Amino acid sequence: LSVLKFKIKAKIDRIDFNEREGKYLLIDYKTIDTAPNGTATKNHYLLKGGDFVWKDLQLPVYIASAKKFFNSENIEAAYFLIAKSAEETRIEYYKNSPEAEESARKKAEEIAQNILDFKFEPDAKSPLETDYPEYFGFAAKNLEKFLDLSKIKSR
């Protein structure tokens, strides 16, 4: 799969094929303390006013890659949620749609273009800092102070 000038590699944990339905299921294993309903979708996007707000493009990239590789539109994705409690351990499907796929493609292209333009600031609409402060809290509105991009830009 390519996005602008970038080749994207995907390592899918498991691929199942239902011969009767001719359908592929891409499974990503996730260990998790608790698994509220909607985790597979909410970990990737939120819908706000009809607009997609992307948190993670992993499953959309998997789907796009598999569609190209298998030359099939009959692709679904899911998390295999391995929770602390057996009751919460389950397979949960990612809610995909043509609109979600188009939005994810546009977001991937936007990210790729930002990289080509040396723009590495977090997206103003991104929930990463609030959802994952242990990983992205350092970037709280001061990424330019954290990274000196001048040397990269001069190349």
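For the range 49-72, the tally of residues that are within 19 Å of the chain's Cα centre (by Cα), farther than 18 Å from GLU109 by Cα and outside any helix (DSSP H, G or I) stands at 1.
Pairing residues of the range 83-107 that are more than 25 Å from VAL3 (Cβ to Cβ) with residues that are in a helix (DSSP H, G or I) and modelled with pLDDT under 95, at Cβ distances under 7 Å and at least 6 apart in sequence or on separate chains, gives GLU92/THR39; GLU92/ALA40. If you go through the range 1-14 and keep only what is open to solvent by 40 Å² or more (accessible area, probe 1.4 Å) and either out of contact with any Phe, Trp or Tyr (no Cβ under 6 Å at 6 or more places or on another chain) or more than 22 Å from ARG90 (Cα to Cα) (or both), you end up with LEU1, SER2, LEU4, LYS5, PHE6, LYS7, ILE8, LYS9, ALA10, LYS11, ARG14. So is LYS42 farther than 13 Å from ILE12 by Cβ and out of contact with any Cys (no Cβ under 7 Å at 6 or more places or on another chain) or not? For LYS42, the condition - farther than 13 Å from ILE12 by Cβ and out of contact with any Cys (no Cβ under 7 Å at 6 or more places or on another chain) - is met. Does any residue of the range 113-124 turn out to be under 20 Å from VAL3 (Cβ atoms) and open to solvent by less than 30 Å² (accessible area, probe 1.4 Å)? No, there is no match, as no residue in the range 113-124 is under 20 Å from VAL3 (Cβ atoms) and open to solvent by less than 30 Å² (accessible area, probe 1.4 Å).
Results for (1) farther than 13 Å from ILE12 by Cβ; (2) crowded, with 18+ Cβ neighbours inside 10 Å, shown as yes or no for each residue.
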site: GLY50; (1), (2): yes, no
site: TRP54; (1), (2): yes, yes
site: VAL61; (1), (2): no, yes
site: ALA77; (1), (2): no, yes
site: PHE80; (1), (2): no, no
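The residue pairs whose first member lies in the range 1-16 and is within 20 Å of THR31 (Cβ to Cβ) and in a strand (DSSP E or B), whose second member is basic (Lys, Arg) and open to solvent by 70 Å² or more (accessible area, probe 1.4 Å), and whose beta carbons are closer than 9 Å, counting only pairs six or more residues apart or on different chains, do not exist in this structure. State whether one or more residues within the range 84-103 are at pLDDT 90 or above, over 29 Å from ASN18 (Cβ atoms) and either open to solvent by less than 40 Å² (accessible area, probe 1.4 Å) or in a loop (DSSP other than H, G, I, E, B) (or both). Scanning the range 84-103, I find at least one residue that is at pLDDT 90 or above, over 29 Å from ASN18 (Cβ atoms) and either open to solvent by less than 40 Å² (accessible area, probe 1.4 Å) or in a loop (DSSP other than H, G, I, E, B) (or both), so the answer is yes. Within the range 17-45, the set of residues being over 16 Å from ASN96 (Cα atoms), open to solvent by 70 Å² or more (accessible area, probe 1.4 Å) and either of a type outside the set (Ser, Thr, Tyr) or outside any loop (DSSP other than H, G, I, E, B) (or both) comprises PHE17, GLU19, ARG20, GLU21, TYR29, THR31, ASP33, PRO36.
The values are calculated or read from the model by the stated rules, or taken from the named source; none is laboratory data. In this text the structure is predicted, and so the values were computed from the model without any measurement. Virtual Cβ from ideal backbone geometry, glycine too; neighbours counted across all protein chains shown. Areas reflect the complete protein model, heavy atoms only, side chains present, ligands, DNA and RNA absent. Shrake-Rupley method; radii C 1.70, N 1.55, O 1.52, S 1.80 Å.
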